[in-house]
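Here is the structure we will look at, set down as structure tokens.
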Amino acid sequence: MADGEDVLVIKGQRIVLPDSIISGCVVVKNGKIVGIEAGYSAISAPLGAKVLDAKNLVVMPGVVDSHVHVNEPGRTEWEGFATATQAAAAGGITTIVDMPLNSIPPTTTMDGFNTKLNCARNKCWTDVAFWGGVIPGNQAEIKPMVSAGIKGFKCFLVHSGVDEFPCVTENDVRLAMMQMQGTDAVFLFHAEVELPQGPPITSQDPSKYSTFLESRPESMENQAIEMVIKLCREYRVPCHIVHLSSASALPMIRRARADGVPLTIETTHHYLSLTAEDVPEGATQYKCCPPVRDCKNRDSLWDALKSRDIDLVISDHSPCTVDLKCLEKGDFMAAWGGISGVQYGLSIFWSNACRRGFTLHDVVRVLCKEPAKLSRLSHRKGKIALGMDADLVLWNPDESFVVDQKNTRHRNKVTPYHNMELKGVVHKTILRGNLVYERDRVCDHPAGQLLLETEQGSPTSKI
């Protein structure tokens, strides 16, 4: 065991390692895991070491949420780095990856990226990495942004919801892919396209969820994914489908992956926990794009997650101010499309996963390991192993609580999870050996870093 000075020893009876669950301890020094030992009762910490006894709590790698809209600068009244990362830490998340919209300016140029970094410094309670964006005409910005630490690039194939982040054409995608070839950057797609005829809509009542659901059919997703697969096969640039909601796209995804197409897939907590049948009339807090679909679709997504046809699960935390949700009118067609829930992801997932035969190792795979891999952070995030960042969440998978939105740490409190009983309570969140959250309290000072490694093993992280 390491010398006692500046050493943290975390004892526990359920420590989730990559290939086992042990009773023992994790030894931390200088923010890194320097020792892992079995034998909970036999551990003797070195003189001067700080000991944290997790007892029967699960000790797991910190969650990596690779799809979070922070919105700062420009729309900080929607969400900002301080509130987003405090909420994330309260949910056992130790790393988020910020999406390139809906901030102003968006992260589509080096100037925009530098503005974002200047806003984020000294405001983060978790570590933060960054996605860039592809919009028409910005392909010359791609390689400089990769060199500056951007992990990959997101585009929209349909209107993004904000005018400063316009959608791209197939030709725009081709130009961007040519720039990404030879880099490690991944290309992320909001996979919906406008249909030539427009979808048939039987209902005209904007307060009915069915009206909105009919306006965003699965065919919009499926046609977009078909195009992504074609271009991914042609250019061999790693591509990623964000927030898959359409289970009917899974057969073509399976075929493409079986052929060796470098394609990965994520889905969200809301597609796995909510169903169209349960959305009340006028309850616009449920609106997101693509939409929450029916129960059968949800069950198919769970099956695909179990069979590993879906790689990872994220929050797609996309908040806005309360007025933009049009709650008083209950107008699904006019309301902002985005769901807030970064604080509750681990609990939402576990509440449903444990009933479907998923194990703690499955939780680590889809919430920690695979998001870290997608974000090119797997050399330091996503598992408990020697040399990794000491990012840990201590939580009770058997304890329940009821979500009360007024107690959320999101800047704007509206969430469809309000009054939902969830299983799995976070007790402590540890970021690189620092206790950043402990039962309803975040630490006083932000300990997060901005993760700007340009290649594995060459850190350029900045506070």
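Of note:
- Dipole in debye (nearest 20) - region 1-90, about Cα centre, beta carbon charges: Lys, Arg +1; Asp, Glu -1: 260
- Label-zone membership for region 201-245, site T169, 7 angstrom Cα→C-beta point, backbone N under 18 Å: 224, 227-228, 231
- Mean separation of Cα contacts under 8 Å, 6 or more apart, over the residue count of the chain: relative contact order %: 20
- Under 5 Å, built H, 5+ apart or other chain: amide partners of K154: G132, G133, V134, L188
- Interchain or long-range residues, amide H under 5 Å from I93's placed H: V63
- For region 68-83, putting each phi into the Karplus relation 6.51 cos²θ - 1.76 cosθ + 1.60 with θ = phi - 60° gives couplings of 9, 9, 7, 6, 9, x, x, 10, 5, 5, 7, 5, x, 4, 5, 5 Hz, in residue order, rounded to whole numbers and with x for Gly and Pro.
- Residue (of V70, A42, P238) at the positive-pole extreme of the chain, dipole from beta-carbon charges: A42
- Taken about its Cα centre, the chain carries a charge dipole of about 940 debye when Lys and Arg each add +1 at the Cβ and Asp and Glu each add -1 at the Cβ.
- Here the Karplus curve 6.51 cos²θ - 1.76 cosθ + 1.60, taken at θ = phi - 60°, turns the phi angles of region 169-175 into couplings of 9, 4, 5, 4, 4, 4, 4 Hz, with x standing for Gly and Pro.
- Placing unit charges on the Cβ atoms only, positive for Lys and Arg and negative for Asp and Glu, gives region 103-151 a dipole magnitude near 100 debye about its Cα centre.
- Extension gain from H159 to D6, taking 0.36 nm per residue of separation minus the Cα-Cα distance: 50.0 nm
- Taken per residue, the accessible surface of the chain reaches 37 Å², heavy atoms only and a 1.4 Å probe.
- Put the Cα centre of region 106-180 next to the Cα centre of region 229-258 and the gap is 21 Å.
- Karplus-derived 3J(HN,Hα), 6.51/-1.76/1.60, for each residue of region 403-412, Hz, glycine and proline x: 5, 10, 4, 5, 9, 6, 8, 4, 4, 10
- Rounded percent of accessible protein surface that carbon and sulfur make up, the chain, 1.4 Å probe: 49
- Near the amide H of D205, within less than 5 Å, lie no amide hydrogens of residues on another chain or at least 5 residues away, with H placed in the peptide plane.
The values are calculated or read from the model by the stated rules, or taken from the named source; none is laboratory data. Everything numeric here is computed off the predicted structure, so don't read it as measured data. All Cβ positions, even for glycine, are placed from backbone atoms using ideal geometry, and neighbour counts span all protein chains on display. Note: areas computed on protein heavy atoms with side chains; ligands, DNA, RNA excluded. Shrake-Rupley method; radii C 1.70, N 1.55, O 1.52, S 1.80 Å.
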